[in-house]
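Colleague: One structure, pasted below without further comment.
Read the figures in this text as sums done on the coordinates, not as results from a lab. Note that the coordinates shown come from a computational prediction; the quantities given were computed from them, not determined experimentally. Cβ: placed from backbone, ideal geometry, glycine included. Neighbour counts: every protein chain shown.
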Amino acid sequence: MNLVQEQTVGAVQPPVLAVVGIEKSYGGGPRVLSGVEFAVPKGELLGVIGPNGSGKTTLFGVVSGQLRPDAGSVLVDGEDVTRLSAAQRACKGVGRTFQVPQSFQRMSVYENLLVGARFAAGLGARAAEQYVLQVLKQTGFANKADMLAGNLPLLDRKRLELARALATRPKLLLLDEIAGGLTDDEAHEIAATVAEINKSGVTVIWIEHLVHVLTSTARSLIVLGEGRILAQGEPGQTMATPTVRQLYLGMEPEIDGPLCP
Ligand SMILES: Nc1ncnc2c1ncn2[C@@H]1O[C@H](COP(=O)(O)OP(=O)(O)OP(=O)(O)O)[C@@H](O)[C@H]1O
Ligand SMILES: [Mg+2]
């Protein structure tokens with residue numbers, strides 16, 4: 001039995017998410033994910049980094065159900081959801097944002113959130129309205145609820161993507177580059193909101209290229225490279241591993257031993 005299976009089977013409370021032996025390629029092309037497995041305990045704030053094309057978004061597709069893996073399993077709260085659709089997984093508490101924002105441009109901020117609260121969280125009309133008000137406050141939209149999504153500036157479009165995912169009332173929230181294209185201050189602002197959401201009990205997995213934002217917010221980190229997990233663990237230690245230093249920061253690993261012959 002491997003580590004993920006032991007954690008899944010042996011623990012009193014199963015991890016919110018376990019992925020086991022995931023393999024994925026597109027249309028019979030080269031492997032995009034190879035033997036990817038890890039478990040995420042309840043309450044975790046896990047960061048995922050890796051170069052362009054390393055398979056981060058594909059991993060989210062496999063976890064949230066937009067993509068079927070060629071092999072391997074996805075377990076949510078110990079239940080195998082590999083064969084469930086994205087909509088079914090959303091109802092089981094898997095919420096995600098998209099790298100390219102997918103809000104309904106001609107609907108207001110409020111209406112965008114209401115769709116998630118009604119159709120993914122499955123709340124009745126009154127409960128959905130109440131819950132949306134809470135999400136508006138939590139994500140800084142209290143004064144912009146009536147604005148058309150299509151008229152929002154970039155920071156707010158990113159925030160709306162986050163709010164839309166939150167409106168589905170996820171227990172597991174997958175964030176795909178919600179700070180991309182923002183200034184440093186804006187990125188830290190959105191990181192503070194993510195930390196608050198996590199504190200309220202939502203388990204978060206956050207893909208981001210802004211490593212410093214992620215390492216200062218996440219409690220643990222996974223580094224993907226060419227579809228494999230290269231390193232994982234506490235952010236500082238993970239970033240310090242020779243493989244990650246070489247791959248991600250473009251630094252040579254420290255040479256052990258004398259430099260001169
Ligand atoms: N729909 C698709 N069809 C074919 N190939 C795809 C598709 N989506 C992604 N790929 C390929 O799979 C690989 C992994 O892509 P993916 O989008 O998962 O990477 P990523 O780590 O999210 O990259 P980025 O940091 O640029 O967002 C890349 O080589 C990409 O070109
Ligand atoms: Mg991506």
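Colleague: Give the lysines whose C-alpha is closer than 16 Å to that of residue 42, dropping any in the same chain fewer than 8 places away, or say none.
Modeller: 92, 171, 199
Colleague: Please compute the contact order of the chain in relative form: average sequence separation of alpha-carbon pairs under 8 Å and at least six residues apart, divided by the residue count, as a percent. Let's see the in-between values first.
Modeller: Working: 492 pairs, mean separation 60.3, N = 261.
Relative contact order, the chain: 23 percent.
Colleague: Give me the distance in nm between label points sitting 7 Å out from Cα along the Cα-to-Cβ direction at residue 134 and residue 37, one decimal.
Modeller: 3.7 nm
Colleague: Simple spin-label model, 7 Å along Cα-to-Cβ: residue 126 to residue 146 in nm?
Modeller: Inter-label distance under the simple model: 2.5 nm.
Colleague: Per the Debye formula with a single identical scatterer at each Cα and no solvent contribution, what log10 I(q)/I(0) holds for the chain at q = 0.07, 0.11 Å⁻¹?
Modeller: -0.25, -0.61
Colleague: Same structure again: If neighbour count is taken as other Cβ atoms inside 10 Å, put 211, 12 in order from fewest to most.
Modeller: Values: 211 17, 12 4.
Fewest-to-most ranking of 211, 12: 12, 211.
Colleague: Also: Along each of the three principal axes of the Cα atoms of region 114-261, give the extent in whole Å, ordering the values from largest to smallest.
Modeller: 75, 28, 25
Colleague: If I fit a long axis through the Cα atoms of helix 109-119 and take the longest principal axis of the Cα atoms of the chain, what angle between them do I get, 0 to 90°, rounded to 10?
Modeller: 80 degrees
Colleague: Residue by residue through region 145-155, what is 3J(HN,Hα) from phi via Karplus (6.51 cos²θ - 1.76 cosθ + 1.60, θ = phi - 60°)? Round to whole Hz and write x for glycine and proline.
Modeller: 4, 8, 5, 6, 4, x, 9, 7, x, 3, 4
Colleague: Across every pair of different alpha-carbon atoms, what Kirkwood hydrodynamic radius in Å does region 13-97 reach? Don't skip to the answer; put the middle values down first.
Modeller: Working: mean 1/r = 0.0761 Å⁻¹.
Kirkwood hydrodynamic radius for region 13-97: 13.1 Å.
Colleague: If you wrap a convex hull around the C-alpha atoms of region 104-169 and split its volume per residue, what is the figure in Å³? Walk me through the numbers before you get to the answer.
Modeller: Numbers: hull volume 4.4 nm³, N = 66.
Normalising the Cα hull of region 104-169 by residue number yields 67 Å³.
Colleague: Under the Karplus relation 6.51 cos²θ - 1.76 cosθ + 1.60, θ = phi - 60°, what is the ordered set of whole-Hz ³J(HN,Hα) values for region 181-197, x standing for Gly and Pro?
Modeller: Running phi through 6.51 cos²θ - 1.76 cosθ + 1.60 with θ = phi - 60° gives x, 8, 6, 4, 5, 5, 5, 5, 4, 6, 5, 5, 5, 4, 4, 4, 4 Hz.
Colleague: When 132, 115 are ordered from fewest to most other Cβ atoms inside 10 Å of their Cβ, what list results?
Modeller: Details: 132 27, 115 17.
Going from least to most buried by this count: 115, 132.
Colleague: Further question: Suppose R0 equals 25 Å. What FRET efficiency, 1/(1 + (r/R0)^6) with r the Cβ-Cβ distance, do residue 23 and residue 87 give to the nearest 0.05? List each step's numbers first, then the result.
Modeller: On the way: r = 24 Å, r/R0 = 0.96.
That pair, residue 23 with residue 87, gives E of 0.55.
Colleague: Relative to the longest principal Cα axis of the chain, at what angle does helix 125-138 sit, 0 to 90 degrees, rounded to 10?
Modeller: Taking the Cα atoms of the chain, the angle to 125-138 is about 50 degrees.
Colleague: Taking neighbour counts of Cβ atoms within 10 Å as a proxy for exposure, in what order, fewest first, do 212, 188 appear?
Modeller: 212, 188
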